Amino acid sequence: MTDSEREYMERYIYEAVRKVPKRQRKEMEMELRELIEDMSETRPMEEVLLKMGSPKDFAKQYREDSGYIIGPEYYDDYLWVMKVVLICVESSVLLSGIIEILLHEGIYVELFGKLTGNLILAGIAAVGAVTLIFAVLQRRKIRVEINEKKKWSPEKLSPIPVKKARISRGDSIAGIVFLVLFSALLAFAPQLFSAYSVKGEELQYVSIFNLEKWELILPVFLLSLFISLTDEVIRLVVGRYCQIVMISNLIANTLQILFAVILLKVLPFWNPEFPEKVKTMYQLTAEDRGFQFLLKWNLEFLSNLFLVLICITALGEIAVTVYKTLRYGKSS
């Protein structure tokens with residue numbers, strides 16, 4: 001077997017094996033490698049691979065995904081992301097509920113009922129969001145396969161991605177965990193983002209957000225985070241820099257900038273009474289450093305500062321993704 005033939009064999013095995021559940025991959029790889037090596041002893045590699053058909057079609061012999069909402073190709077990642085999201089969401093809701101119970105004494109039954117309802121609601125929302133993302137990925141994959149029913153040949157095999165073209169699974173995991181935790185806290189415990197003071201047995205707080213208008217702000221916030229979550233899931237599932245990842249990242253970060261403008265420049269995002277209420281809560285005087293800081297509190301400056309940081313982060317991520325896609329990736 002020549003080096004060129006071996007390269008084609010490795011590409012074929014890589015493409016076929018990655019489309020079956022993880023528990024089947026090792027066994028399938030061994031069987032497939034043995035089969036190809038045996039067949040290649042009597043005929044050229046290209047003829048062997050043509051006879052076997054495309055890796056996608058060959059992998060279907062090891063799985064039955066017809067009619068599934070989430071097929072085996074995505075199922076392992078789907079279950080993993082679902083577990084992470086549910087743990088993060090339910091932990092955040094539980095934490096916020098405990099804090100709320102501590103803040104409001106004497107109405108434990110009512111708060112416990114609210115906490116139970118929030119746990120159920122959060123779980124349903126988490127399952128729905130993750131399932132929706134993976135269902136869209138699954139359906140898109142089917143459309144791609146339909147469009148590619150032309151005659152297959154070994155030349156269509158994609159090269160095994162080099163190390164620099166691969167997307168760190170750890171980075172995607174960290175991004176998903178952060179987005180889910182942040183979303184859950186914003187939805188169920190926005191009061192945690194506050195200034196706190198303990199006076200006797202009473203815990204006082206002043207939220208940095210405008211909670212009176214939270215019903216207007218929260219949907220925009222959650223939609224923005226959902227788009228970011230979708231982008232992270234795509235990066236996790238695809239696992240390498242390519243055209244799909246680049247387009248997803250461009251769209252997601254462009255929308256993040258747009259939503260940031262809406263949140264920070266259009267909606268009443270910040271609590272306008274924050275400086276005065278903090279002064280009163282801490283009983284600050286003109287000699288205190290905190291008093292001097294609050295005198296300089298400027299909502300317009302704060303909004304502009306966060307908007308600039310968001311734009312720099314989004315544009316930086318776009319630049320890195322585009323560069324790595326063009327430099328190491330492959331259009332798909």
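State yes or no: is Gln204 over 22 Å from Ala125 (Cβ atoms), in contact (Cβ under 8 Å) with a residue 12 or more places away in the chain, out of contact with any strand residue (DSSP E or B) (no Cβ under 6 Å at 6 or more places or on another chain) and surrounded by fewer than 19 Cβ atoms within 10 Å (Cβ to Cβ)?
In short, no.
Would you point out which residue out of Ile160, Ile107, Ile167, Ile101 is modelled with pLDDT under 80 and more than 30 Å from Gln191 (Cβ to Cβ)?
Ile160
Among the candidates Ala252, Ala195, Ala187, which residue alone is in a strand (DSSP E or B) and either surrounded by fewer than 20 Cβ atoms within 10 Å (Cβ to Cβ) or of a type outside the set (D, E, K, R) (or both)?
Exactly one residue qualifies, and that residue is Ala195.
The values are calculated or read from the model by the stated rules, or taken from the named source; none is laboratory data. Note that the coordinates shown come from a computational prediction; the quantities given were computed from them, not determined experimentally. Counting neighbours? That spans all protein chains shown, and the Cβs are built from the backbone with ideal geometry, glycine included.
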